[in-house]
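So the structure is just underneath, and the comments pick up after that.
The values are calculated or read from the model by the stated rules, or taken from the named source; none is laboratory data. Nothing here was measured: the structure is a model prediction, and the numbers come from that model. Note: ideal-geometry Cβ built from the backbone for every residue, glycine included; neighbour counts use all protein chains shown.
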Amino acid sequence: MTIVGAVITITTGLAFLLAGLNMVALRSQSGNTVAELFDQAMGIFCFGMAGLVLLVGLALDRLLVMAAATERRPKSTAGEAPKG
């Protein structure tokens, strides 16, 4: 896993998590209004996005590392005719 990819993914996930916590914590003075329900829904959406960012980002980072490892592997000469 590359350090840069992991740091970017975890930082983005934490940003969504923090935004979700802030949205869920918002309360209005008049009680349960439409705006408060919207804030709650957006907070829950941010929690889902945090999980999705972590899942997709770390999986993609792992996929890129595996692709780079296969490019460095030497080519097989098993089926080729001998030279000369």
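Hey, does the range 53-65 have a residue that's surrounded by fewer than 11 Cβ atoms within 10 Å (Cβ to Cβ) and assigned to a loop (DSSP other than H, G, I, E, B)?
No.
Can you run down the residue pairs with Cβ atoms below 8 Å, 6 or more apart or on separate chains, where the first is in the range 37-50 and without any contact (Cβ under 8 Å) to a residue 60 or more places away in the chain and aromatic (Phe, Trp, Tyr) and the partner is part of a helix (DSSP H, G or I) and buried (at least 17 other Cβ atoms within 10 Å of the Cβ)?
These pairs meet every condition: Phe45/Gly20; Phe47/Phe16; Phe47/Leu17; Phe47/Gly20.
Restricting to the range 1-52, name every residue that is assigned to a helix (DSSP H, G or I), closer than 26 Å to Met66 by Cα and either β-branched (Val, Ile, Thr) or more than 16 Å from the chain's Cα centre (by Cα) (or both).
If the condition is that a residue be assigned to a helix (DSSP H, G or I), closer than 26 Å to Met66 by Cα and either β-branched (Val, Ile, Thr) or more than 16 Å from the chain's Cα centre (by Cα) (or both), then Ile3, Val4, Val7, Ile8, Thr9, Ile10, Thr11, Thr12 are the ones that fit.
Determine whether Thr11 is among the hydroxyl-bearing types (Ser, Thr, Tyr), closer than 29 Å to Ala59 by Cβ and without any contact (Cβ under 8 Å) to a residue 40 or more places away in the chain.
yes
Considering only residues that are of a type outside the set (A, V, I, L, M) and modelled with pLDDT of 90 or more, look in the range 2-37 and name the one that is surrounded by the fewest Cβ atoms within 10 Å (Cβ to Cβ).
Thr11
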